[in-house]
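**Q** To start, I am sharing the structure in question, which I have written as structure tokens.
Each value in this text was obtained by applying a stated rule to the coordinates, not by laboratory testing. All of these numbers come straight from a predicted model, not from anything done at the bench. Note that each Cβ is placed from the backbone with ideal geometry, even for glycine, and that neighbours are counted across all protein chains shown.
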Amino acid sequence: MAYTFKQTFLPASKYSIKATYTIVPQFITVHNTANDATEAKEIEYMINNNNQVSYHVAVDDKEVIQAIPFYRSAWHCGDGGGDKDPNALKKSNRTSIGVEICYSKSGGARYGVAEENAVQYISKLLKQFGWGIDRVKKHQDWNGKYCPHRILS
């Protein structure tokens, strides 16, 4: 399994909506997209809308695209963590890199390859940051949502 890595960054003009804070990542949080879009479509959708939902990386069966620099926050865990929250720095949105695995709605072979690509990419990030597997979290770990649903099933 080999993937192509690309960067298609969110414009800085949208940081106030989707990448509000500077961060020092401490974790990687794994998600399933719950749809069957490619990673390029996931990133395009995230960049082009004006809602807060955001993530750093999307992975499919062919590519990995990073859209938000790892030194910026993303709103991917639904756990709060805004600036009025006294525990904000303990929150996942302020401490973790969000990785979305594509094709999870239908599953199948494409999802299997996407999941394997995510495993390889996350392994690379762990090595890059000098972290152990204990730094990989499920979305569920932060707020109880049943995500990543395919992996949990």
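**Q** Taking the Cα centre of each part, how many Å lie between the stretch 1-26 and the stretch 102-153?
**A** So the two Cα centres are separated by 17 Å.
**Q** How do 69-75, 58-64 rank on mean C-beta neighbours within 10 Å, highest first?
**A** Working: 69-75: 19.7, 58-64: 23.0.
Final packing ranking: 58-64, 69-75.
**Q** Still on this model: Give the relative contact order (percent, whole number) for the chain; include only Cα pairs under 8 Å separated by 6+ residues. Could the numbers behind the result be given before it?
**A** Details: 311 pairs, mean separation 48.6, N = 153.
Value for the chain: 32 percent.
**Q** Amide H to amide H, which residues 5 or more places from Asn32 or on other chains are under 5 Å from it, using H placed in the peptide plane?
**A** Ile101, His149
**Q** Please go through the residue pairs Lys91/Lys124; Lys18/Lys91; Lys62/Lys124; Lys62/Lys137 and name each one whose alpha carbons sit more than 18 Å apart in this structure. Before the final figure, lay out the partial values.
**A** Values: Lys91/Lys124 24 Å; Lys18/Lys91 16 Å; Lys62/Lys124 16 Å; Lys62/Lys137 23 Å.
Those over the limit are Lys91/Lys124; Lys62/Lys137.
**Q** Next up: Provide the FRET efficiency to the nearest 0.05 for the Ile133-Phe5 pair, computing r from the beta carbons and using R0 = 35 Å.
**A** Working: r = 21 Å, r/R0 = 0.61.
According to the calculation, E is roughly 0.95.
**Q** Under 5 Å between amide H atoms, partner at least 5 residues away or on a different chain: which partners does Tyr21 have, H built in plane at 1.01 Å?
**A** So Tyr21 has HN proximity to Ser73.
**Q** Can you tell me the FRET efficiency between Ile47 and Tyr71 if r is taken as the Cβ-Cβ distance and R0 is 25 Å, rounded to the nearest 0.05? Walk me through the intermediate numbers first.
**A** On the way: r = 18 Å, r/R0 = 0.72.
So the FRET efficiency works out to roughly 0.90.
**Q** Another question, then. Between Glu116 and Ser13, with labels modelled 7 Å along Cα→Cβ, what's the label distance in nm to one decimal, could you check?
**A** 4.2
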